[in-house]
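See below for the structure under consideration.
What follows is calculated from the coordinates using simple rules that are stated; it is not laboratory data. Nothing here was measured: the structure is a model prediction, and the numbers come from that model. Here the Cβ is made from the backbone with ideal geometry for all residues, glycine too, and neighbour counts use every protein chain on show.
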Amino acid sequence: MKSSTPSDAPGGESLRTVVVAFCANLGVAVAKSVAAVVTGSASMVAEAAHSWADTGNEIFLLVANKRGSRGPDRRRPLGYGREAYVWSLLAAIGLFVAGSAVSVWHGITSLLGGESSAENYTINYVVLAVAFVLEGISFLQSVKQIRGEANAYETDFLDYALETSDPTLRAVFAEDAAALIGLVIAAAGIGLHQLTGSAVWDALGSIAVGVLLGVVAIVLIDRNRRFLTGEPGPGALWDAVVSGIEKFPEVASVRFVRIEFVGPKQIFVVASVDLVGDAVESSIAHVLRRLESRLESNVAVVDAVFTVSDPDEGDTGTVSHRT
């Protein structure tokens, strides 16, 4: 089971990924803001808004990583993992409002106002190039982490990026990918402005960046919503858990298994099983508790609950049967 289920505690490399993203976004945001003030480029204003939104979002993600990694206690027997999705949801909403809405609004006002500024194109190009390098460093860090975890779980790279239970990793990857695409769009808008002399292209670049950020934000909002409302996890994880339970010598068959994520790389397992032999009723509880403890020895399993299947269920609900 350990080869297919999350086995490393939340935090760790994800924290490093968020810190790298925060430092990169902060430097980029300052540079873009200076360029936007000096040149007046609508695309650069959109990019500055985007980077400041990303910088603020990284703070939310740092909080998510910190608060979501707390273990179970008497008040929260399943831990505080779901809090990571709350803070990541706020970060996604911030990206939509501070990044997408501001960029689209500024682009539309530039179109209606017929602005024709952005005469110092060199500053814009230099800042965009530096931003591309910094964002690329952050992006590669998230790619490195996703590739390593996807390979460990034998999962497709993009599927893992979208389906991972780690909201901070998914957010950094998505935001950095959007940032790199946004830089290309901004450069194209500024370049067409320079070639044609029309500020329309610059304004359209701002709107395009805003739409891109809006799409990314909506995807992130939806993913966090799903994990907050109870994400059962992929089929491969379910198969791995069932396979792990089958290996317990006390288990004759597995009738029912329910898996739910309760935090980044943290799952709650409920299973109904048939036990080997005819154990007396007084010993069944001890056997079940022993099975729960064994499953909980995997760091990914926050809690496990085992029950004995109802004899009246027959074989219709059998998940697996030991021969």
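Quick notes on this structure:
- When DSSP beta bridges are restricted to pairs lying wholly in the chain, around 65% turn out antiparallel.
- Compared with the dominant principal axis of the Cα atoms in the chain, helix 121-152 is inclined by about 10°.
- Backbone phi angles across the range 87-101, fed through the Karplus curve with coefficients 6.51, -1.76 and 1.60 (θ = phi - 60°), yield HN-Hα couplings of 5, 5, 5, 4, 5, 5, 5, x, 4, 5, 6, 6, x, 5, 4 Hz in residue order; Gly and Pro are listed as x.
- Cα centroid separation - the range 12-62 against the range 256-273, whole Å: 37
- Label selected from (i) 30, 26, 18; (ii) 51, 16, 15; (iii) 43, 24, 17, the criterion being semi-axes √(5λ) of the Cα gyration tensor in Å as computed here: (ii)
- Sorted peptide list for 54-61, 73-80, 154-161, criterion being average Cβ within 10 angstrom, highest first: 54-61, 154-161, 73-80
- Restricting attention to the chain, lysine pairs at least eight places apart or on different chains and with alpha-carbon atoms under 18 angstrom apart total 4.
- Rounded tilt (10° steps) of 167-196 against the dominant C-alpha axis of the chain: 20
- Compactness of the range 235-308 was expressed as the Cα radius of gyration divided by 2.2 N^0.38 Å, which yields 1.07.
- Degrees between helix 235-246 axis and first principal axis of the chain (Cα, 0 to 90, nearest 10): 20
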